[in-house]
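Encoded as structure tokens, the structure appears first; notes follow it.
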Amino acid sequence: MAGISTHILNAALGQPAPQVLVKLYQEINHQYVLQDEQLTDADGRIPAFRIEAFIQANYKLIFEVGDYFQTLNTASFYPSVCIDFKVTGTQQHYHVPLLISPFSYSTYRGS
């Protein structure tokens, strides 16, 4: 199924990161417009974002990880993580995972 999904893994704990607010923006006329915002589920996942028109465009996901680490009583360097990416084919699925720890993060294009 075409669309955008994500999941977050707390690499320091080796566990999913539940209840993290994630916002999806789409670039329209050179401005980023909020399309959807959801909390990750118990498995750290958002299976599908709601997008009004899934088109070829630049997108960004903003993960509010500072609040998540605060609930764990863990100091962290990043209040949020922003991942910019480009959708070039609207018949494809774009899975954008985030691996976080208090002082680093990484991402990749998943499947």
| said: Taking the condition of being of a type in the set (A, V, I, L, M) and touching a helix residue (DSSP H, G or I) at 6+ places or on another chain (Cβ under 7 Å), how many residues in region 64-93 meet it? | reply: 1
| message | Which count do you get for residues in region 1-41 that are among the aliphatic types (A, V, I, L, M) and open to solvent by less than 10 Å² (accessible area, probe 1.4 Å)? | response | 6
| task | Within region 57-71, identify whether any single residue is in contact (Cβ under 8 Å) with a residue 24 or more places away in the chain, part of a loop (DSSP other than H, G, I, E, B), under 17 Å from Q15 (Cα atoms) and more than 10 Å from the chain's Cα centre (by Cα), and answer yes or no. | result | no
| task | Run R50 past the list (1) within 15 Å of the chain's Cα centre (by Cα); (2) under 27 Å from F103 (Cα atoms); (3) open to solvent by 50 Å² or more (accessible area, probe 1.4 Å); (4) not aromatic (F, W, Y) and report the number of the one that doesn't hold. | result | (2)
| Conditions (1) in contact with a helix residue (DSSP H, G or I) (Cβ under 7 Å, 6 or more places away or on another chain); (2) within 13 Å of V20 (Cβ to Cβ); number of the one not met by P102 | (2)
| Inside region 43-56, can you point out the residues that are free of Cβ contacts under 8 Å to residues at least 24 places away in the same chain and touching a Leu at 6+ places or on another chain (Cβ under 7 Å)? | none
| field | Filter pass, S101 being modelled with pLDDT under 95 and either surrounded by 12 or more Cβ atoms within 10 Å (Cβ to Cβ) or of a type in the set (S, T, Y) (or both) | value | no
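Let's see how each residue does on (1) within 13 Å of the chain's Cα centre (by Cα); (2) part of a strand (DSSP E or B):
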{"residue": "L9", "(1), (2)": "yes, yes"}
{"residue": "A12", "(1), (2)": "no, no"}
{"residue": "P18", "(1), (2)": "yes, no"}
{"residue": "L24", "(1), (2)": "yes, yes"}
{"residue": "A42", "(1), (2)": "no, no"}
| Cross-chain or 6+ apart pairs with Cβ under 8 Å, region 17-32 first and closer than 12 Å to D84 by Cβ, then open to solvent by 70 Å² or more (accessible area, probe 1.4 Å) | L24/L34; L24/E37; Y25/Y32; Y25/L34; Q26/Y32; Q26/I55
| message | Considering only residues that are farther than 24 Å from Q31 by Cβ and either of a type in the set (S, T, Y) or open to solvent by less than 20 Å² (accessible area, probe 1.4 Å) (or both), which ones fall in region 67-94? | response | Y68, F69, T71, T74, S76, Y78
| message | Taking the conditions exactly as written (touching a residue at least 12 places away in the same chain (Cβ under 8 Å) and in contact with a Pro (Cβ under 9 Å, 6 or more places away or on another chain)), does F77 satisfy them or not? | response | yes
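The values are calculated or read from the model by the stated rules, or taken from the named source; none is laboratory data. Everything numeric in this text was worked out from a predicted model, so none of it was measured. Here Cβ is always computed from backbone atoms with ideal geometry, including for glycine, and neighbour counts include all displayed protein chains. Note: accessible area is taken over every heavy atom of the protein model, side chains too, but ligands, DNA and RNA are not part of it. Shrake-Rupley method; radii C 1.70, N 1.55, O 1.52, S 1.80 Å.
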